[in-house]
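Structure, as structure tokens:
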Amino acid sequence: MSLKRTIAFIAVLTVLLLGALVPASFAQDEPITIGFVVHVVGNPFIQQIIDGATAAADDLGVELVVGGPAGGDADAQLVAVQNFVAAGADGIAASVPGESMANGLNEIIESGIPVVQFNLLSTAVNAPYVGERSTESGRILGSMVLERLGGAGASGKVILGNCFPGFPVLENRARGVQEALAAAPGLEVLGPFDVKVDAVENYSQWEQQLAANPDAAAMVGLCAPDIASLGQLNRNSGTSFIAGGYDLTEDNLREIQDGFATISIGQSAFVQGYMPVLMLVDSLRNGIPLEPGFIDSGTQIVTADSVDMGNGLPLIGFDELLNLSADVEANRAFYQPWANCVNGSAPVWSCSLEPIENEGA
């Protein structure tokens, strides 16, 4: 048995004897491997999260191994997690797109291997979660769409799309958008419709919605591919509906820059990648328990003439944001002051942990 596995065994034995989980501590120079498991490999937004995790691994001197399925299959993602554990990963960070992952993840936690959730969560997993305030972000997006439609006196149709129906975070976003749009009784909100996550399917689904509702005043998506699809749809169809959605990928930002999309809400992808790795390493090296709870990654608000990156980050212009979306090293340099702050001698994450229910408040 390896030294690390011996330590993990002793930690589990301590739980049985003392009735409380005492995390194993690794020496500062002892090798640590973090398994980082995402729900959609190859998606540009997910890659931004992975970039943040890679930066954290570099800063902290640990090995990062990344994997996951191609299309949001929770069972396949759990297998990827279990494979990393079997290969000797010391900690696991995972998005959780389905409740079927909960029991398997909890078994891993009970074995003494710490777990942190990011981006998509299950409240049944006994681990902390790093992500946006999902319902509130929906309220922000809905309010900004409403403002551009004319405020409380607005009228017309708003089409709402969800690429992964049933995911709690996305359902919360939808609820927030609907709450904000309800301030205008004259608006008819249709959906949310399933618009799929694959970029080609996503465009096709939105195209079908526009064909069925050619008079739509706004179309609002809840996922990363939507802004790019809606912008292209405005461009290709010659329409001028308000296009709102999520995430600061290069494709999304270019549609806003070109005037074919209007608003995108970012959820701090870099933070969602960096913070789970920091928490895991801090737990492994310093013995800090990872209790269930919520770490707010921050909400970003971007239009063609306004960029708010949140998290106390510097004010920047749209052109600089576009450059950051395309340049991994520039993005890392932009976030480095934030990383230095949270990775100090007394990391702030443990003081920032909120009740998990605050995620959807």
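The values are calculated or read from the model by the stated rules, or taken from the named source; none is laboratory data. The model shown is predicted, which means the values in this text are computed figures rather than measured ones. Using ideal geometry, Cβ is built from the backbone for each residue, glycine included, and neighbour counts are taken over all protein chains shown.
See the values below:
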read-out: Residue match in region 255-264 (condition: more than 19 Å from Pro225 (Cβ to Cβ) and crowded, with 21+ Cβ neighbours inside 10 Å); value: no
read-out: Any hit, region 60-80, residues being assigned to a strand (DSSP E or B) and charged (D, E, K, R); value: yes
read-out: Failed item in (1) crowded, with 17+ Cβ neighbours inside 10 Å; (2) under 30 Å from Val41 (Cβ atoms), with Gly166 passing the rest; value: (1)
read-out: Residue match in region 207-215 (condition: crowded, with 24+ Cβ neighbours inside 10 Å and not hydroxyl-bearing (Ser, Thr, Tyr)); value: no
read-out: Leu141 closer than 18 Å to Pro225 by Cβ, outside the structural domain of Tyr274 (by TED's automatic domain parsing), in contact with a helix residue (DSSP H, G or I) (Cβ under 7 Å, 6 or more places away or on another chain) and assigned to a helix (DSSP H, G or I); value: yes
read-out: Filter result for Ala269 (more than 17 Å from Phe118 (Cα to Cα) and modelled with pLDDT of 95 or more); value: no
read-out: Any hit, region 152-161, residues being modelled with pLDDT of 95 or more and assigned to a helix (DSSP H, G or I); value: yes
read-out: Ile242 being out of contact with any helix residue (DSSP H, G or I) (no Cβ under 6 Å at 6 or more places or on another chain), surrounded by 17 or more Cβ atoms within 10 Å (Cβ to Cβ) and over 19 Å from Ala55 (Cβ atoms); value: no
read-out: Residue that is buried (at least 20 other Cβ atoms within 10 Å of the Cβ), within 17 Å of the chain's Cα centre (by Cα) and touching a residue at least 12 places away in the same chain (Cβ under 8 Å), where the choices are Val220, Val277; value: Val277
